[in-house]
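First comes the structure, then the notes that go with it.
Just so you know, all these numbers are worked out from the coordinates, no wet-lab data involved. Quantities reported herein were computed from a predicted structural model and do not represent experimental measurements. Ideal geometry is used to build each Cβ from the backbone, glycine not excepted, and the neighbour counts take in all protein chains shown.
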Amino acid sequence: MAGWVSNLFKKKEFLIGVDIGASGIKLIELDLTGEKPALRNIGYAPVTGEIFSNNAISKPEKIAEQIAALLESNAVSDKRAVTAMPGPSVFTKKIKMQNMPHSELSDNIQFEAANFIPHNIDAVRLDYHVIGTSGKNQLDVLVVAVKNEIIDSFLSTLSLAGLETAVVDVDHFAVQNMFEMGYPEDISKTVALINMGARYAGINIVRDGISLFTGDIPVGGKLFTDALVAELGVAADVAEKLKRSPNGDAQYPQAKEIVDKNVEFVASEFNRQLSFFWNASGAEEGIDKIVLCGGGALVPGLVQEIAEKTGIECTLADPLRGVSVGSSFDALYLKEIGPLMGVCVGMAMRQPGDRVVWQD
Ligand SMILES: Nc1ncnc2c1ncn2[C@@H]1O[C@H](COP(=O)(O)OP(=O)(O)OP(=O)(O)O)[C@@H](O)[C@H]1O
Ligand SMILES: [Mg+2]
């Protein structure tokens with residue numbers, strides 16, 4: 001009874017997912033108290049110029065200002081947030097450990113990690129997850145490490161925006177979280193989740209709720225824009241428009257050919273790297289399906305070309321598929337920004353106390 005009373009009066013806490021990308025900031029708040037996650041707030045702010053230097057945020061004041069403006073325009077009053085590290089900044093390794101009490105595991109992993117992490121152990125934040133057992137006495141452990149300077153740049157940016165960081169996620173794992181919530185019918189398949197942003201395509205190959213492989217391919221939406229700028233001599237905003245035109249543009253008849261050529265290049269890279277990664281990881285079964293999200297995946301023809309080059313079924317995810325969306329939200333706006341929200345939906349599903357890379 002006492003528990004029931006205290007639950008009833010306890011203020012519900014909602015964590016705000018804040019995804020800081022090279023081309024835009026995404027913000028989502030979900031209400032996780034019902035049967036299905038419900039959208040409370042969603043916002044997007046485009047970013048101009050370079051804001052990252054080696055995956056650390058190099059313009060914290062500018063980004064913080066934009067986050068604060070998004071919070072204000074969406075009337076978000078909560079103060080605790082989830083942020084996600086860019087996949088390429090994260091070092092992950094699966095190791096086997098002797099089974100031991102959790103209290104000892106942490107120290108032992110810290111000690112072991114010093115041997116395989118390519119940075120000074122004092123220069124990184126470390127986290128781990130026990131992902132299974134092999135044999136009687138062994139644990140399979142996924143170790144995750146991020147350089148302090150990168151994580152700190154995100155924490156201080158959020159802090160400048162008036163937010164406290166409750167959970168630090170990794171974009172690959174956030175996409176997995178979104179996928180498992182929105183696509184439960186595909187959980188037992190071997191699925192390559194690909195989040196293609198502006199800078200890179202993050203890959204997380206999953207099955208039965210377990211990440212089997214993570215890696216990155218250095219191709220993103222920016223590649224198409226840069227090619228159009230270089231070959232046509234147009235400004236970046238014109239190139240952005242051209243690459244979104246599936247039927248080409250009368251004023252720039254060569255644009256479609258340039259986009260198509262790069263679609264073919266990117267699809268070939270995916271095919272090459274995916275099979276390389278997958279063979280190197282020692283997997284015996286094939287990949288059943290490729291599921292894409294992120295703005296880079298929206299370039300006309302890319303999804304079809306990847307399916308053709310890889311011979312694997314390939315679809316575009318709708319990150320809001322598993323989320324209930326009230327009628328007060330603008331459907332047209334959601335259609336436009338929804339596809340960019342894969343990482344952010346997964347982040348907004350984290351609960352206080354979840355451990356991904358680090359928690360308070
Ligand atoms: N409708 C569209 N058609 C084609 N490309 C698009 C479309 N919408 C967005 N993009 C491209 O997608 C990219 C932005 O996607 P996203 O928001 O997922 O990236 P990001 O998170 O900012 O980048 P990163 O994760 O690499 O830091 C940009 O290159 C943009 O030009
Ligand atoms: Mg991104």
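At-a-glance table
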| item | result |
| --- | --- |
| The chain: antiparallel DSSP beta bridges as a percent of all, rounded to 5 | 70 |
| For region 91-143, Kirkwood radius (reciprocal of mean inverse C-alpha pair distance, Å) | 11.4 |
| 32 Å Cα-Cα threshold exceeded, pairs from Lys241/Lys289; Lys59/Lys309; Lys94/Lys189 | Lys59/Lys309 |
| Label point distance in nm, Glu35-Arg272, each placed 7 Å from Cα along Cα→Cβ | 4.9 |
| Sequence-separation-based contact order of region 91-143, relative, with Cα cut under 8 Å and 6+ spacing, percent | 52 |
| DSSP bridge orientation in region 184-316 - percent antiparallel, rounded to nearest 5 | 60 |
| Mean separation of Cα contacts under 8 Å, 6 or more apart, over the residue count of the chain: relative contact order % | 21 |
| The chain, Cα convex hull volume normalised per residue, Å³ | 165 |
| Helix-only [θ]222 nm of the chain, DSSP H runs n ≥ 4, -39500 (n - 2.57) each, per residue, nearest 500 | -11500 deg cm²/dmol |
| Over region 175-269 - Rg/Rh using Cα atoms and the Kirkwood inverse-distance radius | 1.11 |
| Reduced Cα scattering model of region 239-360, Debye log10 I(q)/I(0), q = 0.14, 0.18, 0.23 Å⁻¹ | -0.83, -1.10, -1.26 |
